[in-house]
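One structure is given below, encoded as C-alpha cells.
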Amino acid sequence: MAKKPKISELLDERACAHSATKKSACNTQTPGATTGGCAFEGAQIALFPFADAAHLVHGPITCLGASWETRATPTSHTGRDLTQMGFTTAVTTNDVVFGGEDKLREAIDYLMEHYAPAAIFVYATCVTALIGDDIDAVCRQAQAKYGIPMVPVHAPGFVGSKNLGSRLGGEAALASLVGTLEPETTTPFDINLIGEYNVTGDMWQYTPLLEELGIRVLATLSGDGRIPAIRSAHRAKLNVIVCAKSLISLTRKMQEQFGIPFISLSFYGKRDTSSGLLAIAEALGDTELLARTRRLIAREEAALDEKLRPYRALFQGKKAILNTGGNKSWSIASALQDLGIEVVATSVRKATEADREKAREYLGEKGILMTNPGAEQARIIDQTRADLLLAGGRSLYTAIKKRIAFIDVNQEKKKSYGGYQGLLNLAEDVKNALENPVFRIVATRAPWEK
Amino acid sequence: MGEIIRKPRKPLQVNPIKLSQPMGAALAFLGVNQCMPLMHGALGCASFTKVFLTRHFCEPIAIQTTAVTDVTAILDGGDYNIAESVKNITTKVTPQLIGLHTTGLTETKGDDIRGVASRIDVPLVYVNTPDFEGGLESGWALAVKAMIRQLTAPASQVQPRRLTLLPHVSLQPIEVEKLKEFVALFGFEAWALPDLSTSLDGYLGEKQGSLSSGGIEVADIRSLAQSQIVVSIGESMRGCAEALREKNPAMRHHHFPHLQGLAATDALVAMLLEESGLEQPPASVVRWRKRLQDALLDTHFALGQTRFLVAGEPDQLAGVCQALGEAGGRVRVAIATVESPLLEQVVAENILVGDLEDAEHLVDDYDLMICNFHGEALARRHHKGLMTRGFPNWEQIGNQLKNDLLYEGSCYFLFEAANAAEEMRRHRKD
Ligand code: SF4
C-alpha cells in the first residue's frame, strides 16, 4: 500500500527539465497572479482514463462537480466507461467537523456493490487532507475486504500545480498497482505508454502502426488504460513517455525497480511521429524491427505526402503566428511546418528552458520568440504579414482587427491532431480557417461608424 | 404539488449536478463591471471555475486565486495570501471591485476574512462561501447579499420609478436583459444586481479577460437603496431583497419565485400595472401574451403526452416545471441540486434532491429530460429526448442568448420542448 511520497523529494526531481536552473520552479505560486490547475486536477488527468476503475473524489463538491466529464479520453473498454462518470463523497459540514472517513468507507462499499470496478482510486482533496482523513487506512481495509486494488492518491490541490499532481498520480499507480500482477504472455517488444491519455483518440492514430510493427502496448498510463494491464506493466521492455515531462520521475523509478529503460517523445506532426517510431524501434534494439520500422515510415510518409499535396499548394507562402503555451509552442509549430506553412513567431511566455530551445530549433534563426505575445502579436502580424493567428480565445479580437484568419488552439479539442492522420485533420482545419470569410465580414464597419 | 422523496442519503454523489458555492459567488461578481473575483483557496478551485464558465459562455472569464499552499495553509490566517493577492492584482489592473470569497479549504482553516478585509484599502467585498455547504444558487445569493450589505449606502427616500431586479443564478444574460426591457416598457428605470446581460452576453469587443467586461457599475450598487421597488426572482434571492430593504425601509418589495409561463408573467404584469398606475400594458406586451396563449395551445398536444424529468437548481426547477405544466407537460421527476423550501411548491409528481444516478434509476418514468449537458450520456444510453438547460452546457453554443422568460421567452421554451418531444418520438419509431 502506498506511502505518502514526500513532496520535497518530488520537486527535487532530477529529470525535471527546469529544476537545474530554477529551484522548485514547478511549484511557485503567486497569490493573485496564478493560473492553471491544482495537483488534484493533475492526478485526475493522469489516472481518470482508466475506464475500468472507479475514481472516487473525497472532498466537497467543487473538486469533482466542476470537473467530471470534461476530458474527451475515449476508451475501447466494453464495460461501462467509468472515466466519464463522477463519483464524489461531496463532504458536508458534518463530515468536516466529525471526519469523513466513515462516509468514504460507505462510499467504497456502495461502489463495490453497484459498479464492481477493477480498482478504486481514492483522491484526497484540500479539505479532506486538511482535516486529516486517513485515506491510506481506509484503502488498506477496503482492499483487504474486497481483494481488489484500492489506490490512495495524495494530491490535494494545495500541494501544488497540475504537473506535480500528475506526477503524484503516477507515483500512486506505481506504489499500489505496478508489479502486482503477472501478464498472461510477454513478447520481446512489449512497451508501456506513459503520459498518453488518448485525448480525442490521439493514441489510436499511431497504435495500429505499432501493432503492425509487432510492438505490443502492454500497458498505458493511462490512455485507453486497464487496471490488469497497468498492474503487469513491470514486464515491459521499454517505457515510452509521450509528451509528459511530469512523469519522468515515475519512469526513472521503474527503471530502478524493474530495470525498464525509458525514452521520451511526441507524436505530433510528421517528423515527430516518424522519429518517435524510430526511437522506439531503436530502443528495443532489434535490427529486423528497425528495418521494418524504416519501411513503414517511408510508406506512411509517402502516403501522407500524397494526401497533403493539395493542401501544400493551398498553403504555399502562408505565414502563421502561434501564441500558446507549453509543448504546444513547438509541437503545433512543427505540425504546421509539415503542412508547408511558415511559422514566423511563437510564444515562449512561461516556457521552460527546454521548450524554448525546442521552439528555437523548430523556428530557426529568423523565427520570433515572443515573450509577451499579448502586447507583441498585433505588431508582428503587421511586420511579417502573417495570414493566420493560432491562439487562445482572447486573441480573437486581434485577429479580427488585423483581418486575418484565426484558430482557437485552446478550444476543447474534438478531433485528434496526432500521428500521421491527425495532420490531415489539422490541414483541413487550417484550410477551413483560411478560406472562411467570417473574419473579414465581422471586421466590416457598422453603417453608423465612419 | 408532488411528493418530495427524501430517501436515505447515499454516502456519495454519482454523476452530480450539484455545483459549488464559490462558483456561484464568482459568477455573481462577474456581473459587476471591472470586477475581479478573488477566490480564497488553493489554485484549483478558481481554475476549475474559470474553465467551467469559459466553456459555458464561450467568453474569457476573469478570476483570480489567493493560491493557498500547504505551507501558507498552516502558517497564515489568510492575511498574507489575501494581501499579496490584492497587491499583485492591483499592480496589473485597476479593478472597481475585488470580490473575495472563500472555499472549503479556507473555511476549514477558519480564516477571518472579515478582519483581513478591514485592513485592505481597495474596494473589496468579502463573503463566506464554503463548498461543503449550499450550492451554486446559494453562493450567488450570498455574494449579492454581501455586496448589498457592504456597498449599498442607506437611504431614507426613494426615487420614483427606479426599480432593482435581483435575478437568481440560473437566469442567462439575455433573460436579464429581457427583464430590464420589460419593466422599462412600464416606465421603470431598472438595474439588475448582478447584471450578466452586459458582461457575459457574448459580444465582440476588446476583452482581455483580466477583469469582468461589463455588468452593473459599483457606483450603481452603492445607490441601489434609492430604488422605489425591489423585485426578487427566485426563492434564493428573497433574502437579498430583504437586505436591500434594510438599507431603505421605504422601498417596496415584490417577490416572484420565477418568471416562466403565463401565470407568472401575469403576476409580474399585474404588479407593474399597479405600481406604474397604467391602465393597459404597452401594445407589445399585449401582443406577446396572445402569442403565448397560442403557443400553449399549439404545443399542448405534444407536451400533454410527454413525461418529463427536470433536473437543476431549485429556482430553475420551479420555473421550468410550471411552464411545462401549463401546457399539460407532466413532470414525473424533478431533481434538485440542493434542498430548498421552494421544493414544496415545485409542480412535479416526484421531487428529490439528488444526482443523475437517481435519474438513471427512475429511467422508466420519463421520456424527455431537461437537464444540463451531463444528462446527455444518460439520454443516449436510454434513448431519451434531451433539452439542455442549466449549468454547465459545454456541448452547445449560444447559451447566453437562450430566453425562456416572460410571455415571449415562454413561447420559445414551449416550442423547443414540443419539438424535442416530437423528435424523440420520431426517433423511437425508427
Ligand atoms: S484546489 Fe483543492 S479544493 Fe480546489 S479543486 Fe483542487 S483539490 Fe479541490
Being crowded, with 23+ Cβ neighbours inside 10 Å, farther than 28 Å from B:Leu273 by Cα and among the polar types (S, T, N, Q) narrows B:Ser212, B:Ser227, B:Ser236 down to just B:Ser212
The residue that is farthest from the chain's Cα centre (by Cα), considering only those in the stretch B:392-419 that are farther than 29 Å from B:Leu185 by Cβ and crowded, with 19+ Cβ neighbours inside 10 Å, is B:Trp394
Flagged pairs (Cβ under 6 angstrom, 6 or more apart or on separate chains; first in the stretch A:29-43, at the interface with chain B (Cβ under 7 Å from one of its Cβ atoms) and part of a loop (DSSP other than H, G, I, E, B); second of a type outside the set (S, T, N, Q) and surrounded by 23 or more Cβ atoms within 10 Å (Cβ to Cβ)) are A:Gln29/B:Ala67; A:Pro31/B:Ala67; A:Thr34/B:Leu43; A:Thr34/B:Ala67; A:Gly36/A:Lys162; A:Gly37/A:Lys162; A:Gly37/B:Gly44
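Got at least one residue in the stretch B:198-206 being within 14 Å of chain A (Cβ to nearest Cβ) and in contact with a Cys (Cβ under 6 Å, 6 or more places away or on another chain)?
So far as the stretch B:198-206 goes, no, none of its residues is within 14 Å of chain A (Cβ to nearest Cβ) and in contact with a Cys (Cβ under 6 Å, 6 or more places away or on another chain).
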Checked against (1) in contact with a helix residue (DSSP H, G or I) (Cβ under 9 Å, 6 or more places away or on another chain); (2) without any contact (Cβ under 8 Å) to a residue 12 or more places away in the chain, A:Glu211 satisfies every condition except (1)
Flagged in the stretch A:325-356 as among the hydroxyl-bearing types (Ser, Thr, Tyr) and in a strand (DSSP E or B), in numbering order, are A:Thr346, A:Ser347
Residue count, the stretch A:112-127, condition without any contact (Cβ under 8 Å) to a residue 40 or more places away in the chain and either among the polar types (S, T, N, Q) or outside any loop (DSSP other than H, G, I, E, B) (or both), comes to 3
* Asked: Do the conditions hold for A:Ala399, that is, is it closer than 29 Å to B:Ile61 by Cα, more than 27 Å from the chain's Cα centre (by Cα), in contact (Cβ under 8 Å) with a residue 24 or more places away in the chain and surrounded by 17 or more Cβ atoms within 10 Å (Cβ to Cβ)?
  -> yes
Looking at the stretch A:404-421, can you tell me whether even one residue there is without any contact (Cβ under 8 Å) to a residue 40 or more places away in the chain, more than 25 Å from B:Asn393 (Cβ to Cβ) and either in contact with a Lys or Arg (Cβ under 7 Å, 6 or more places away or on another chain) or within 14 Å of another protein chain (Cβ to nearest Cβ) (or both)?
no
All-but-one check, B:Leu378 against (1) away from chain A (no Cβ under 13 Å); (2) at pLDDT 95 or above; (3) surrounded by fewer than 23 Cβ atoms within 10 Å (Cβ to Cβ), failing number (1)
Query - Residue check for B:Gly214: within 16 Å of the ligand (Cβ to nearest atom) and not in a helix (DSSP H, G or I) - result: no
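When only residues in the stretch B:96-121 that are within 11 Å of another protein chain (Cβ to nearest Cβ) and in contact with a helix residue (DSSP H, G or I) (Cβ under 7 Å, 6 or more places away or on another chain) count, which is farthest from the ligand (Cβ to nearest atom)? Walk me through how you get there before you give the answer.
Kept after step one, since they are within 11 Å of another protein chain (Cβ to nearest Cβ), are these residues of the stretch B:96-121: B:98, B:100, B:103-110.
When the remaining residues are screened for being in contact with a helix residue (DSSP H, G or I) (Cβ under 7 Å, 6 or more places away or on another chain), the result is B:98, B:100, B:103-105, B:108-109.
Values: B:Ile98: 20, B:Leu100: 16, B:Thr103: 6, B:Gly104: 6, B:Leu105: 6, B:Thr108: 10, B:Lys109: 12 Å.
So the residue we want is B:Ile98.
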| query | Is there a residue being touching a residue at least 60 places away in the same chain (Cβ under 8 Å) and touching a strand residue (DSSP E or B) at 6+ places or on another chain (Cβ under 7 Å) anywhere in the stretch B:395-408? | reply | no
Within the stretch B:58-87, the residues that are under 17 Å from B:Thr108 (Cβ atoms), more than 7 Å from chain A (Cβ to nearest Cβ) and modelled with pLDDT of 95 or more are B:Ile82
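For every residue, the table says whether it meets (1) within 16 Å of the ligand (Cβ to nearest atom); (2) within 15 Å of A:Ser232 (Cα to Cα); (3) free of Cβ contacts under 8 Å to residues at least 24 places away in the same chain.
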| residue | (1), (2), (3) |
| --- | --- |
| A:Pro152 | yes, no, no |
| A:Ala155 | yes, no, no |
| A:Gly160 | yes, no, no |
| A:Glu171 | no, no, no |
| A:Leu181 | no, yes, no |
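Please report, ordered by residue number, the helices (runs of 4 or more DSSP H) entirely within the stretch A:379-450 with at least 3 residues that are acidic (Asp, Glu).
A:419-435
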Original post:
buried (at least 16 other Cβ atoms within 10 Å of the Cβ), within 28 Å of B:Gln396 (Cβ to Cβ), out of contact with any helix residue (DSSP H, G or I) (no Cβ under 8 Å at 6 or more places or on another chain) and not assigned by TED's automatic domain parsing to the domain that holds A:Lys245, is that true of A:Asn425?
Top reply: yes
Residues of the stretch A:46-101 being crowded, with 24+ Cβ neighbours inside 10 Å, of a type in the set (A, V, I, L, M, F, W, C) and either within 16 Å of the ligand (Cβ to nearest atom) or facing chain B (nearest Cβ under 7 Å) (or both), in sequence order, are A:Ala46, A:Leu47, A:Phe48, A:Leu56, A:Val57, A:Ile61, A:Cys63, A:Leu64, A:Ala66, A:Phe87, A:Ala90, A:Val91
Residue match in the stretch B:278-295 (condition: under 23 Å from the mean Cα position of the chain (by Cα) and in contact (Cβ under 8 Å) with a residue 60 or more places away in the chain): no
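For the stretch A:128-150, which positions are within 14 Å of the ligand (Cβ to nearest atom) and not in a helix (DSSP H, G or I)?
Restricting attention to the stretch A:128-150, the residues satisfying the condition of being within 14 Å of the ligand (Cβ to nearest atom) are A:128-131, A:133, A:135.
Within the stretch A:128-150, A:Ile131, A:Asp133 meet the criteria.
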Exactly one of A:Gly165, A:Gly201 is farther than 20 Å from A:Ile263 by Cα, within 16 Å of the ligand (Cβ to nearest atom) and part of a helix (DSSP H, G or I), and that residue is A:Gly165
Taking the stretch B:33-65 and keeping only residues that are away from the ligand (no atom under 11 Å from the Cβ), of a type in the set (Val, Ile, Thr) and touching a Leu at 6+ places or on another chain (Cβ under 7 Å), one is left with B:Ile61
Here the qualifying pairs (Cβ atoms under 6 Å; residues six or more apart or on different chains; first in the stretch A:269-282 and farther than 22 Å from A:Ala359 by Cα; second surrounded by fewer than 22 Cβ atoms within 10 Å (Cβ to Cβ) and modelled with pLDDT of 95 or more) come out as A:Ala281/A:Leu289; A:Ala281/A:Leu290
A:Leu389: passes all of (1) crowded, with 18+ Cβ neighbours inside 10 Å; (2) within 13 Å of chain B (Cβ to nearest Cβ) but (2)
Only one of B:Thr91, B:Thr69 is within 13 Å of the ligand (Cβ to nearest atom), farther than 29 Å from B:Glu376 by Cα and not assigned by TED's automatic domain parsing to the domain that holds B:Glu175, namely B:Thr69
Per the filter on the stretch B:8-57, residues more than 13 Å from every other protein chain (Cβ to nearest Cβ) and part of a loop (DSSP other than H, G, I, E, B) are B:Leu30, B:Gly31, B:Asn33, B:Gln34
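The values are calculated or read from the model by the stated rules, or taken from the named source; none is laboratory data. Bear in mind that the values here come from a model prediction, so they are computed numbers and not experimental data. Please note: Cβ atoms are built from the backbone with ideal geometry, for glycine as well, and neighbour counts cover all protein chains shown.
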